[in-house]
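Written out below as structure tokens is the structure these notes cover.
Please treat every number below as a calculation from the coordinates, not as lab data. Nothing here was measured: the structure is a model prediction, and the numbers come from that model. Every residue, glycine as well, gets a Cβ built from its backbone with ideal geometry; the counts of neighbours run over all protein chains shown.
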Amino acid sequence: MSHKHITGIWQLVKPPEGYTLVEAIIAIAVCGFGLAMILGLYGMVIKTEIVSKAIFEQSVEINSIADEISLGLKNGSTEDLREVIEVILESKYPDYELIGLRKDSQVSLYHLEIIHKGEKNLDKLFHIKIFWSLHE
């Protein structure tokens, strides 16, 4: 059976001389749509990276503050917890301010509320829990 004499619907679907203009336009549209999707994802990745970097840097800074406070309480001779924390924040972290200090239900556990004065008046509140006993 020879395939040169195709008749009927098959003649419309597959012409014998290569691609039609419609097929070329459809192929360009599909490629353009795929490229637009990839570029959209790339932009989203960049935004996510910027936000993740900011969160990571602030987490490191908050952990540094908690470590400084814990170290200052172990080495300090003062009996005033608030005074030790405020001295550490004022000297090393001027953008942070202690706004709350309360003793937790457990023995020697304190809950600190520290606020970060950010850009454009965007304040962020952080909670830190520390152990402190005057008799250590």
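Numerical summary
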| item | result |
| --- | --- |
| Asn121-Val30 pseudo-label distance in nm [points 7 Å out on the Cα-to-Cβ vector] | 5.5 nm |
| Peptides 110-121, 83-94, 30-41 ordered by average Cβ neighbours within 10 Å, highest first | 83-94, 110-121, 30-41 |
| Violating pairs (Cα-Cα greater than 31 angstrom) within the set Lys47/Lys103; Lys47/Lys120; Lys74/Lys120; Lys53/Lys120 | Lys47/Lys103; Lys74/Lys120 |
| Relative contact order (%) - criterion: Cα under 8 Å, at least six apart; region: the range 18-131 | 14 percent |
| At 1.306 mPa s and 10 °C, Stokes diffusion of the range 18-131 via Kirkwood alpha-carbon radius, µm² per second | 88 µm²/s |
| Point-to-point label distance, Met37-Ser59, nm (Cα→Cβ direction, 7 Å offset) | 3.1 nm |
| Space enclosed by the convex hull of the alpha-carbon atoms of the range 69-108, per residue, Å³ | 79 Å³ |
| Net lengthening on full extension, Val107/Met44 (0.36 nm per residue, minus Cα-Cα) | 18.0 nm |
| The range 50-67 residues near the modelled Glu83 label - backbone nitrogen below 17 Å, point 7 Å along Cα→Cβ | none |
